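These notes are about the structure you will find just below.
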């Protein structure tokens with residue numbers, strides 16, 4: 001350890017390291033007396049010190065630790081210092097009076113000129129009993145009027161509380177209880193119930209049910225579904241329909257299962273499917289983030305029509321959707337919640353978030369231009385009876401993203417067989433074609449086509465999009481197909 005000692009008699013400071021900077025008691029300067037034989041390290045170098053001026057000066061001058069002076073400069077400054085001249089008290093008073101008079105004349109002229117050119121305000125005359133206020137403050141309501149909560153989407157949103165208050169009654173939290181199977185190291189199998197959190201949007205109602213839009217992965221594999229409304233009350237829900245390829249689903253809640261007090265506060269959301277959003281416009285996301293209950297985040301639209309590939313958790317098949325990108329925080333549990341514009345209209349259904357150590361502020365939502373028609377169909381469609389069930393007449397397998405990239409083929413359903421005399425053969429579908437859409441719905445597996453067929457009776461006309469090779473390149477074709485019957 002280095003020691004620092006102070007000699008009380010000589011006021012001499014020494015530093016006992018390898019080099020030392022003793023203090024000169026005459027001017028409190030530091031001089032270098034280290035082991036190096038360098039003339040530049042003598043008392044000519046003054047650092048971090050103050051120097052007392054001549055006795056006739058009335059105060060000390062202090063120097064910044066960053067100011068470096070030489071001894072010659074310090075001596076030159078002391079020679080330039082001049083003693084103050086003594087003045088009598090009367091002379092001082094006279095001088096002050098003259099200065100005050102001059103200042104008064106100048107100030108009066110300036111004030112008069114400014115008053116002449118500035119616009120006049122209404123004068124307020126205080127009555128005899130009214131005392132003028134020491135401070136002039138802006139009334140609270142006037143201040144609030146000067147800062148609107150939002151301005152029709154043309155400016156950055158600074159306060160979204162009005163939008164949240166208006167739209168929160170249409171957003172719900174969804175809890176999915178799922179039974180998962182696990183395998184032990186010894187080959188034994190056991191099941192365990194697990195709960196998953198998600199969100200939903202009340203999009204429609206009829207006399208008997210509320211219909212809530214959400215993501216397919218929110219309800220996937222559910223044994224029971226529970227919906228929690230904005231007032232905290234809950235009700236059981238059932239899956240009305242799903243579209244796995246678009247990651248969309250609709251659940252329904254019987255109105256008889258909803259508390260009367262809840263019915264008085266909940267509402268159907270306002271949907272905007274015009275598709276007029278622009279990059280940079282402010283948006284608000286509401287959802288059941290991390291399962292803690294409804295929470296709010298805000299941001300902007302970062303990009304439009306982003307192609308994002310996701311994987312079906314049940315089948316393992318990959319599918320690609322066109323989504324809206326936003327930097328509003330979207331975390332697990334937000335899926336199925338609403339992406340809103342500053343008018344409180346739902347413009348997207350929050351679907352997924354790219355996460356990781358190096359990515360943040362990148363969330364995605366299914367635009368309502370795509371979601372709304374599918375949701376309408378999921379709500380209105382009803383399963384047909386076995387006698388009226390439709391039949392397409394193809395067999396195939398899914399082409400996921402890895403196969404698509406490896407063999408340079410489109411993602412969809414590869415047609416391995418076309419049954420003779422079937423609706424598919426009559427429409428011109430051939431072996432080797434790849435089905436990408438069925439009646440406006442993206443499809444990636446045969447299970448998805450079979451699910452859609454449940455709601456269509458024999459004789460229904462649908463449009464099917466296929467990709468077929470032409471000179472080594474896949475070309476898209478749209479076919480009109482009249483579905484047949486299973487008999």
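We did not get these values from a lab; they are worked out from the coordinates using the rules stated. No experiment lies behind these values; they were computed from the predicted model shown. Heads up, the Cβs are rebuilt from the backbone with ideal geometry, glycines too, and the neighbour counts pull from every protein chain shown.
A few points about this structure:
- Gain in span if fully extended, residue 469 to residue 236, counting 0.36 nm per residue against the direct Cα distance: 79.0 nm
- The distance between label points at residue 308 and residue 450 comes to 3.0 nm (points 7 Å beyond Cα on the Cα→Cβ vector).
- In terms of the mean number of neighbouring beta-carbon atoms within 10 Å, the peptides 341-352, 168-179 order highest first as 341-352, 168-179.
- Virtual paramagnetic centre 7 Å along Cα→Cβ of residue 416, amide N under 16 Å, in region 441-471: 444-450
- Ranked by how many other beta carbons lie within 10 Å on average, peptides 256-268, 443-455, 272-284 from highest: 443-455, 272-284, 256-268
- At full extension, residue 426 and residue 409 could sit 3.6 nm farther apart than now, given 0.36 nm per residue minus the alpha carbon distance.
- Diffusion constant of region 164-378 at 25 °C, which comes from Stokes-Einstein with the Kirkwood Cα-pair radius and 0.890 mPa s, µm²/s: 141
- Modelled label positions at residue 387 and residue 254, each set 7 Å beyond Cα in the direction of Cβ, lie 2.8 nm from each other.
- Two-site FRET efficiency, residue 159 against residue 343, from Cβ-Cβ distance with R₀ of 25 Å, rounded to 0.05: 0.95
- Here the peptides 245-251, 426-432, 298-304, 382-388 are ranked by packing, the mean other Cβ count within 10 Å, and the order with the highest first is 245-251, 298-304, 426-432, 382-388.
- Centre separation in Å (Cα based) which lies between region 417-473 and region 181-214: 30
- FRET efficiency estimate (nearest 0.05) - Cβ-Cβ, residue 486 to residue 166, R0 60 angstrom: 0.75
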